[in-house]
Amino acid sequence: MFETQRKLVKETGRTRTPASDNLMETELGRERYTRSLPMNCPKQCYAMVGLPARGKSYIAHRLARYLNWIGTKSKVFNVGQYRRRLVGVNMTYDYYDPFNTTGAQSRRMVANHVLDTIIEWFKEDADNAVAILDATNTTRDRRDLILERCPPEGIQVMFIESVLDDTFIEERNIREHKLRCPDYQGCDPDDAFNDFSKRIENYKKAYETLCLNLDRELSFIRVSNITQFHINNLIGTVQSKSAYFLMNIRPHTKTTLYLSRHGESQFNELAKIGGDTNLTDNGVRYAKKLGKFLLENNLTDIPVWTSIMKRTIETCSHLPNQNVQRYKCLNEIDAGRCDGLTYKEIEETYPEEFALRDLDKYNYRYPQGESYQDVCCRLEPIIMDLEKQDQVLLICHQAVLRCIVGYFLNLSTDEIPYIKIPLHTVIKITPLAYGCEKEEISFGVESSVTHRDKQTQESIERRLLALDISNGDSSFVGHEEEINGNNEDVVSDRVVMMAS
Ligand code: SIN
């Protein structure tokens, strides 16, 4: 059973999603590894369409973050950045005049260069799935170029147009984002504003919006004033999920999130995973300090969302906030047959499971339990709701918060299961222009450490080999001490967090 797995590790020097090779069926008929989307999803180029300052980059980055989180590798290719590299930063508004032939040729050259880069990107890694071409693409001619270049490379094209008629939001977008871009560094803000406004006027001269009659054959999503959507001829799961996401985001909502695990539980203290135990004395102490923090920071009115487990409910009972909502989908990852065991006990009882989890922790599914990927799936409705809130305090669990932090910080599925979410610490997530900032606040309440570092590839490979030869060859037994040595930081250490 390990043959293909080991070959995989040896050949690539890194782990891949073994489910793609149809591996690892257990006696229970479960799949040990999960995958978010069907295999062989076609490569996609999402080409943004719209005048400057219509929120295209914002939509592109948010969509890429969401797609990455659901396991669809995505990247934004911003044409302005390539133009600055290839042509320069000091292009005034006349460069964008459609009747300026030199400017038009230069802009077409840049567009072709970015398409070359996208095509190369797809060739670099078979997992690369969605390239988001963040450019104006305001003319049919430019969109035809994309349609001429992508489909022959096996890349499906979908257009996403952002239309905005609100001059107040347009001006705010220009002042908040565009005037800070390298094109206007060191410029007088009024001069920069005037130049950028004239640039938009130049684009308007040649703008051809996506149209339900002329563009009937194309796949596109047209977003008008953030609230109205025209969805045309979408193909497949990834395009449909993208439309679903766009219909749920509110571009002008700036969600500030406060995230915390429950106070230390009795199982945390015993280094056991899962269960449904009450808080320890330290856990109660933390919950009370958290309540004080909310009072001191005028956060007693913010909604609190929590799981339905005793340890989170007990933590919330010490908070001054009245608006507490419980969601089953915020429960901790289900460790199935391993629930209630320490990592050491899992390693002794189910060494094969333990090693396979290390091999691909995001996709590994506990016997009769869940994978991180399963958790992300059940969190999707919560993420959509979070996108619409101004402020929320989430009190939940380590694996669940890893998935949520991973989404907001746009971390890869390799990184998500190893994000540090210490007990007795508040994590504050604040939105920036296209991403988020993370801040940690701790109150000096002692707690267990439940983080287990990512194991080295060599150590995992050694363990897999050792397991495979356990019926005969004993030459790997000598590695055992070293293997166990890798787990020394597992769960029982206690630390005192510094008060901030
Ligand atoms: C730019 O040059 O900054 C943008 C080019 C475009 O997408 O039209």
| message | Need the failing condition index for residue 75 against (1) within 15 Å of the ligand (Cβ to nearest atom); (2) modelled with pLDDT of 95 or more, just the number. | response | (1)
| field | Hits in segment 423-442 (condition: surrounded by fewer than 19 Cβ atoms within 10 Å (Cβ to Cβ), at pLDDT 95 or above and out of contact with any Pro (no Cβ under 9 Å at 6 or more places or on another chain)) | value | 428, 438, 439, 441
| said: What's the number of the only condition in (1) open to solvent by less than 30 Å² (accessible area, probe 1.4 Å); (2) more than 13 Å from the ligand (Cβ to nearest atom); (3) over 27 Å from the mean Cα position of the chain (by Cα); (4) in contact (Cβ under 8 Å) with a residue 60 or more places away in the chain that residue 192 fails to meet? | reply: (4)
| message | Being over 22 Å from residue 292 (Cβ atoms) and either open to solvent by 20 Å² or more (accessible area, probe 1.4 Å) or at pLDDT below 95 (or both) is the requirement here; does residue 420 meet it? | response | yes
| Restricting attention to segment 148-163, which residues are in contact (Cβ under 8 Å) with a residue 12 or more places away in the chain, more than 16 Å from the ligand (Cβ to nearest atom) and not in a strand (DSSP E or B)? | 150, 153, 154
| request: Enumerate the pairs (first residue in segment 346-375 and under 16 Å from residue 274 (Cα atoms) and open to solvent by 30 Å² or more (accessible area, probe 1.4 Å); second residue anywhere and among the charged types (D, E, K, R) and not in a loop (DSSP other than H, G, I, E, B)) with beta-carbon separation below 8 Å, excluding pairs fewer than 6 apart on the same chain, so at least 6 apart or on different chains. | output: 365/31; 365/374; 368/337
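Of the residues 174, 169, which is within 16 Å of the ligand (Cβ to nearest atom) and either in contact (Cβ under 8 Å) with a residue 60 or more places away in the chain or not in a helix (DSSP H, G or I) (or both)? Outline the logic, then answer.
Numbers: 169 fails: within 16 Å of the ligand (Cβ to nearest atom).
The unique qualifying residue is 174.
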| note | Here the qualifying pairs (Cβ atoms under 6 Å; residues six or more apart or on different chains; first in segment 49-65 and open to solvent by less than 10 Å² (accessible area, probe 1.4 Å); second in a loop (DSSP other than H, G, I, E, B) and not small (Gly, Ala, Ser)) come out as 49/137
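How many residues does segment 233-272 hold that are among the β-branched types (Val, Ile, Thr) and closer than 21 Å to residue 330 by Cα?
Here is the first cut: in segment 233-272, the residues among the β-branched types (Val, Ile, Thr) are 235, 237-238, 249, 253, 255-256.
Then drop every residue that is not closer than 21 Å to residue 330 by Cα, which leaves 249, 255-256.
Count: 3.
Sort through 270, 290 and tell me the only one that's more than 30 Å from residue 63 (Cα to Cα), open to solvent by 20 Å² or more (accessible area, probe 1.4 Å) and either out of contact with any Cys (no Cβ under 6 Å at 6 or more places or on another chain) or modelled with pLDDT under 95 (or both). Even if it seems obvious, please write down each step before you answer.
Numbers: 290 fails: open to solvent by 20 Å² or more (accessible area, probe 1.4 Å).
None of the others qualify; the one that does is 270.
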| query | In this structure, does residue 413 turn out to be at pLDDT below 95, closer than 20 Å to residue 272 by Cα and surrounded by 19 or more Cβ atoms within 10 Å (Cβ to Cβ)? | reply | no
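So, in segment 382-407, exactly how many residues are open to solvent by 10 Å² or more (accessible area, probe 1.4 Å) and farther than 14 Å from residue 331 by Cα? Before you say what the answer is, go through the steps one by one.
Step one: of segment 382-407, the residues open to solvent by 10 Å² or more (accessible area, probe 1.4 Å) are 385, 388-391, 398.
Add one more test, that the residue is farther than 14 Å from residue 331 by Cα, and what stays is 385, 388-391.
Result for segment 382-407: 5.
Among the residues of segment 177-186 satisfying the criterion of being modelled with pLDDT under 85 and among the charged types (D, E, K, R), which is nearest to the ligand (Cβ to nearest atom)? Before the answer, list the steps.
Kept after step one, since they are modelled with pLDDT under 85, are these residues of segment 177-186: 177-180.
Filter once more, so that each one left must be among the charged types (D, E, K, R): 178, 180.
Numbers: 178: 10, 180: 14 Å.
Once the filter is applied, the top-ranked residue is 178.
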| field | Number of the exception - residue 160 against (1) of a type outside the set (D, E, K, R); (2) under 30 Å from residue 228 (Cα atoms); (3) more than 23 Å from the chain's Cα centre (by Cα) | value | (3)
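Report yes if residue 138 is among the hydroxyl-bearing types (Ser, Thr, Tyr) and in contact with a Phe, Trp or Tyr (Cβ under 6 Å, 6 or more places away or on another chain), otherwise no. Can you show your working first?
Working: among the hydroxyl-bearing types (Ser, Thr, Tyr): yes; in contact with a Phe, Trp or Tyr (Cβ under 6 Å, 6 or more places away or on another chain): yes.
Considered against the rule, which asks whether it is among the hydroxyl-bearing types (Ser, Thr, Tyr) and in contact with a Phe, Trp or Tyr (Cβ under 6 Å, 6 or more places away or on another chain), residue 138 comes out as yes.
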| Evaluation of residue 379 against (1) free of Cβ contacts under 8 Å to residues at least 12 places away in the same chain; (2) open to solvent by less than 50 Å² (accessible area, probe 1.4 Å) (one fails), failing number | (1)
| message | I'm trying to understand the selection: among the residues of segment 101-146, which are more than 26 Å from residue 73 (Cα to Cα) and either open to solvent by 20 Å² or more (accessible area, probe 1.4 Å) or aromatic (Phe, Trp, Tyr) (or both)? | response | 101, 102, 104, 105, 106, 107, 108, 109, 139, 140, 141
| message | Can you list the strands (runs of 3 or more DSSP E) lying wholly within segment 186-289 that have 3 or more residues being closer than 30 Å to residue 167 by Cβ? | response | 219-224, 228-232
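With the structure loaded, tell me whether residue 83 is open to solvent by 30 Å² or more (accessible area, probe 1.4 Å), closer than 27 Å to residue 221 by Cα and within 10 Å of the ligand (Cβ to nearest atom) or whether it fails that test.
Details: open to solvent by 30 Å² or more (accessible area, probe 1.4 Å): no; closer than 27 Å to residue 221 by Cα: yes; within 10 Å of the ligand (Cβ to nearest atom): yes.
The answer is no for residue 83.
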| query | Given the conditions (1) at pLDDT below 50; (2) touching a helix residue (DSSP H, G or I) at 6+ places or on another chain (Cβ under 9 Å); (3) not acidic (Asp, Glu), and given that residue 459 satisfies all but one, which numbered condition is not satisfied? | reply | (1)
| message | Which pairs turn up if I take residues in segment 269-293 that are closer than 19 Å to residue 344 by Cβ and look for partners that are of a type in the set (Asp, Glu) with beta carbon separation below 6 Å, at least 6 apart in sequence or on another chain? | response | 274/339
| Residue count for segment 98-130, restricted to those that are in contact with a helix residue (DSSP H, G or I) (Cβ under 7 Å, 6 or more places away or on another chain), away from the ligand (no atom under 12 Å from the Cβ) and under 23 Å from residue 53 (Cβ atoms) | 1
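Do the conditions hold for residue 302, that is, is it more than 17 Å from residue 272 (Cα to Cα) and either open to solvent by less than 40 Å² (accessible area, probe 1.4 Å) or among the aromatic types (Phe, Trp, Tyr) (or both)? Don't jump to the end; show me each part of the working.
Values: more than 17 Å from residue 272 (Cα to Cα): yes; either open to solvent by less than 40 Å² (accessible area, probe 1.4 Å) or among the aromatic types (Phe, Trp, Tyr) (or both): yes.
So residue 302 passes the test.
The values are calculated or read from the model by the stated rules, or taken from the named source; none is laboratory data. Everything numeric in this text was worked out from a predicted model, so none of it was measured. Every residue, glycine among them, receives a Cβ derived from its backbone with ideal geometry; neighbour counts consider all protein chains shown. Surface areas here come from the heavy atoms of the whole protein model, side chains and all, with no ligands, DNA or RNA. Shrake-Rupley method; radii C 1.70, N 1.55, O 1.52, S 1.80 Å.
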